[in-house]
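Comments concern the structure below.
The values are calculated or read from the model by the stated rules, or taken from the named source; none is laboratory data. Because the structure is predicted, anything quoted here is derived from the model rather than measured. Here the Cβ positions follow ideal geometry from the backbone for every residue, glycine too, while neighbour counts run over all protein chains shown.
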Amino acid sequence: MGYTSIVCGVTGSDPSQKAALEAAVLAAEHKANLTYVFAVDTEFLKISLGGRSSSSMAEDSLDHLGGHMLDTAEQAAISKGVHPKKVLRHGPVLEVLRQVIAEERAELLVLGHENRTFFEKVLFKGSVEEHVEKLKEQLGIEILVVN
């Protein structure tokens, strides 16, 4: 199958960096548009602060981190001859991914995956696999998970 648009979610994890590189390789191979996405989701701050809204300093820090992660992914893409679009957006991760996939009319979503601790599963409301299956059902697109 040929792709015209690929979206890749990025974080600072090793699997995410591998996914960013794999997305760039696929974009080059298919001559597809590539969009890297970093979601600034402060929900965990609200949980840890007992329901109070998160501080703007924490959000600014996450924005800065996200910009750095997007720049790192961009360098991986450029090394493969691809010039990606970078999107940093505030909101729940799955909602941000849904929005960007729709906006870019992507046929493929590429995600990195690392095993989650029990705490992370509770915090993120399930396993990565559960979220991936939900996205596949809702969006009807192919999802590649890179370990």
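For region 16-34, does any single residue satisfy the condition of being under 11 Å from the mean Cα position of the chain (by Cα), of a type in the set (A, V, I, L, M, F, W, C) and at pLDDT 90 or above? Yes, region 16-34 contains at least one residue that is under 11 Å from the mean Cα position of the chain (by Cα), of a type in the set (A, V, I, L, M, F, W, C) and at pLDDT 90 or above. Selection within region 86-107: residues that are in a strand (DSSP E or B) and aliphatic (A, V, I, L, M). The member of this set that is nearest to residue 30 (Cα to Cα) is 87. Sub-6 Å Cβ pairs linking a first residue in region 130-147 that is loosely packed, with under 14 Cβ neighbours inside 10 Å to a second residue that is of a type outside the set (Ser, Thr, Tyr), at least 6 apart or interchain, are 136/143; 147/15; 147/113, ordered by first then second residue.
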